[in-house]
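Readers should treat all values here as calculations from the given coordinates under stated rules, not as data from a laboratory. Remember, it's a predicted structure, so these values are computed and weren't measured experimentally. Here the Cβ positions follow ideal geometry from the backbone for every residue, glycine too, while neighbour counts run over all protein chains shown.
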């Protein structure tokens, strides 16, 4: 039961409640696309795809057909399941070939070559179209053509750019250097749209029409597949139509743990869901909830739990078809890791997949983006619930903004740079191998608080994602906050360089308390702390909350 006292949080938002269904996401027009699908007879799965497709158009800075998509769900029959539509590295992309190509591009010795952040070698097979099709086919009630219609309308008829999206769009001005990329996404081929300016993405709209008419095969075997392969190969990459044609979506079993009497479900490797589960288990083992909510002591113990979860996850999580992953989400593992946590900040290295063990994160030397704009804000998350009891958490991304900088011919499809998560080191668990899936940050979540009390949730934002899961669940389960109050609460973030970041509205006494405990503290802007969405189905009622740090909304009826 939500605590009516702590629910008085002073936000301008409140939890949205409705009898029939709800869609929560980061862009209002996309939420309306999902709501339209629900009202037209679709279920939460149909609404999820309709919303995701619309986000490709109205928030193209964060997602696209050239990326990957994942889902966690609880269906009306009570089953909890997952979908993974994540493409691998090309069959011809050996470490030796990529090292040689990167060394030639940079003018360095092949032994010194590292995976680039942008360009053709960062492109992996995009999973989005197959994932959308599989979602509707396996779980929906509407056709793929039906659920793509709102996105096609936005792309071809136009929409006004929202403020947060327009600001992020400016990164494309430096990233895109090909004529067709600039024609597809920049006004007059030169600049990002201003807030409120009408945007039409007609090339992308035509690709969506082709998918609606021919299915996802057009992306993996048809003319769009040919355009993707030609674009990558023309830039010096190794992706082929055969790589695309071999791809199918998967339905892995979720992983889970019990926290505060509730069951938390996450995605298994190659995703970082085990990082979230380990952090929850370590936080429970050290008694983090025994300290006052929002206090320096509480944040300290949660951050120390998070440090160990990242340290372990970034050294072990990889594609399980290539290397065994230890039981990071088990309580036994957590109890051992909790033993080293004390009242002072510890020096536990973060590590980053794709770098060698103790390296810090950072943009490669070929990346033209502004270094002050984080790649890990470049994802979309949506959650949907209907009156049948289906709850869906759906997450879609190209990794960093517009991805690799490559747009496939005249398709309007910007290709992801998820391959940047690979390493060219022979002894790294996330070393590049042909047909291997990269370490993936994307993690939708599902929460069970009782037989008739289910939530779909998530917090987009790269390495902020498991931290956001931890903080949201602590707020809801330990502190009795409402859904919206849990999202409104000031956040903290353990950074790749070892520092602990907080929002400016974190009380000064708390900031000083963290410094006294030895944390190297920094204050960051709200946009660095992710974007959360959550919906809940409870006793035949639906509720939802959305991220106050973005253009988010909950559309409900």
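Helical content of the chain, expressed as a calculated mean residue ellipticity at 222 nm, amounts to -10000 deg cm²/dmol (DSSP H runs of 4 or more residues, -39,500 (n - 2.57) each, divided by residue number, nearest 500). Please give the Cα centre distance for the stretch 386-400 versus the stretch 424-488, rounded to the nearest Å. Using only Cα atoms, the two centres lie 13 Å from each other. Ordered from longest to shortest, the equivalent ellipsoid semi-axes for the chain are 33, 29, 21 Å, each the square root of 5 times a Cα gyration tensor eigenvalue. One compactness figure for the stretch 113-250 is 1.15, namely its Cα radius of gyration divided by 2.2 N^0.38 Å. What residues of the stretch 149-180 lie in the reach of a label at residue 188, counting those whose backbone N is under 16 Å from a point 7 Å from the Cα along Cα→Cβ? Those under the cut-off are 173.
Grouping the Cα pair distances of the stretch 102-162 into 5 Å bins from zero gives a pair-distance distribution of 3, 13, 14, 12, 10, 13, 10, 8, 9, 7, 2 percent in increasing distance order. Each of residue 173 and residue 145 was given a label point 7 Å from its Cα along the Cα-to-Cβ line. The distance between the two points is 4.2 nm. In a fully extended conformation the segment linking residue 516 and residue 538 would gain 3.7 nm over its present Cα-Cα distance, using 0.36 nm per residue. Inter-part distance, the stretch 225-246 to the stretch 101-178, computed on C-alpha centroids, equals 15 Å.
Every Cα-Cα pair in the stretch 404-530 was counted, and those over 22 Å apart are 55% of them.
Taken along its three principal axes, the alpha carbon spread of the stretch 422-480 comes to 47, 21, 17 Å, from the longest extent down to the shortest. For the stretch 10-124, the percent of C-alpha pairs falling in each 10 Å distance bin, counted from 0 to the bin holding the largest distance, reads 11, 28, 25, 17, 13, 6, 0.
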